[in-house]
Structures are given as C-alpha cells and as structure tokens.
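What follows draws every value from the coordinates through simple rules; no lab data is involved. Computed from a prediction, not measured in an experiment: that's the story for all the values here. Here the Cβ is made from the backbone with ideal geometry for all residues, glycine too, and neighbour counts use every protein chain on show.
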Amino acid sequence: MDIETLRREAEAPSLAGAADVEGVAADLADAFTDDPAFDWFLRADDKRAAAFMRFFRFIVRTAVVQGARIERPGSGGAAAVWLPFDKLGPLPLSVELRAFPVLLGATGVARFGRLVKLRAYMDEHHPMERRHAYLWFLGVTHAAQGHGVGSRLLKVATDRLDAEALPAYLETQNERNVSLYTRHGFEVIYEGRPAPDGPQLWSMWREPVSS
C-alpha cells in the first residue's frame, strides 16, 4: 500500500456505488475489527470474521440503495459513508426483514440483545430537529491508519457541508477519535453507554462554518 498515494487520493475521493460494495465492505470490516462497540455485540466464535464481512456487505449495499454518499480513495483503503437526512429514521419493513438474519448471524443468539440495545440508544440520542448529514461510518484500514487519511476524507466532506450550510452529526465509540472530530468542528453533545457493560459512546454535532 502506497500511503502517499492514498493520502492524495483521500483529498479528492471517488464516489463509491454498487460496483464497489465488496471493496468498501472489506475496508470497513478491517477498519472496525477491534472497535469497542463491535467487540461488545459481535459473536466471539470462529464464525466472527465471516459474519462481520456479511454484516458490512449488507450495510454498504443498503447505504447505496438509500442514496448514501460514500467517499473513498480511488485505490481503496478507507471509506466515509454519509446518509442524507431524508433517509434517517426507521428502516422500511422489507429492509428490516432482510437485515434480521444478517444481524443475528453477526451477533449470534447470545449477543443479539446487545445490538438491539445499541440501536435503541443511538436512535434515542440522534437529534432529528434539524436537517443534517449523518456520518454513519468513517473507517481506515489498519495498514493505513495514523497517516491522516481519515482526516483528509473528513475535510473534503466538511468543506462540502460548509458550502451547503448543512450541519453534520456522528457517533463514535473510540475515545481517540473524539479529538479528530473536534479538530474538524464537531462538538460532543452527549456521552453515555447503551448498557452498564456496554461501550462508551460520544454523540457529536457540527455546525457549518460560513465563509
């Protein structure tokens, strides 16, 4: 992996579509392998890796169908998934029915309740009073982490949102990411846990910057 090329590509990312589902899913699965929230609800047996990949494949495919803006370096290695405001809220029943076996496969029966609690927590604290862009996922593969790739993807997006005068919202379950998002104009508006033994989550909001 050529990090310098990846950094340049992140400054002018490509838009991913249906043909890129597999690559984006693989990058996000790698990026979130040791994420605290996923560690909490993902199954812990030898089926974990395959189930994790199926989970992200479903997530990315659903995002494409919903008209998400998926930005990534041209050669892969990272991805930012932005959902438009009009696609937030409860998923259609048909999507929920397709999602159920994928989600159950990702958690296993024993941990499915954890995922339910996490989703309920996130829905409860997601501000819906104003239109905004929702950063559903921003992930960089382990081999490319620590080189500013995610920060460059984020700057491209926040510059665009500033031009559109549109706020943004995200959640992060990794404390080291809070300072990254703060540098890009996000502020913590809520923090807590979906359950006493669950991961810490930070909800962050960003107002657009006027020129």
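Take the Cβ-Cβ distance between Ala49 and Ala18 as r, set R0 to 25 Å, and report the resulting FRET efficiency rounded to the nearest 0.05.
Working: r = 24 Å, r/R0 = 0.96.
Computed FRET efficiency for Ala49 and Ala18: 0.55.
When +1 charges are put on Lys and Arg Cβ atoms and -1 charges on Asp and Glu Cβ atoms, the dipole computed for the chain relative to its Cα centre reaches about 400 debye.
Over all other residues within a Cβ to Cβ distance under 14 Å of Ile3, the charged ones net out to -1, with Lys and Arg as +1 and Asp and Glu as -1. Computed from phi, the 3J(HN,Hα) profile of the range 114-129 under the Karplus parametrisation 6.51, -1.76, 1.60 (θ = phi - 60°) reads 5, 5, 4, 5, 5, 5, 5, 4, 5, 5, 4, 9, 7, x, 10, 6 Hz, with x in place of Gly and Pro. Shown in residue order for the range 97-113 are the 3J(HN,Hα) couplings computed by the Karplus curve 6.51 cos²θ - 1.76 cosθ + 1.60 at θ = phi - 60°: 5, 5, 6, 3, x, 5, 5, 5, x, 6, 9, x, 4, 5, 10, 4, x Hz (x for Gly and Pro).
Based on DSSP H runs of at least 4 residues, each adding -39500 (n - 2.57), what is the mean residue ellipticity at 222 nm of the chain after dividing by all its residues, to the nearest 500 deg cm²/dmol?
On the way: 8 runs with 98 residues, N = 211.
Helix-only estimate at 222 nm: -14500 deg cm²/dmol.
Here the label points at Leu104 and Ser210, each 7 Å from Cα along the C-beta direction, are separated by 5.3 nm in the simple model. Between Arg69 and Asp39, the modelled labels are 3.3 nm apart [label points 7 Å from Cα along Cα→Cβ]. Take the chain, connect every pair of alpha-carbon atoms lying under 10 Å apart with a spring to form a Gaussian network, then pick out the residue of Leu42, Leu15, Leu135 with the largest mean-square fluctuation. Per the Cα network of the chain with a 10 Å cutoff, Leu15 tops the list.
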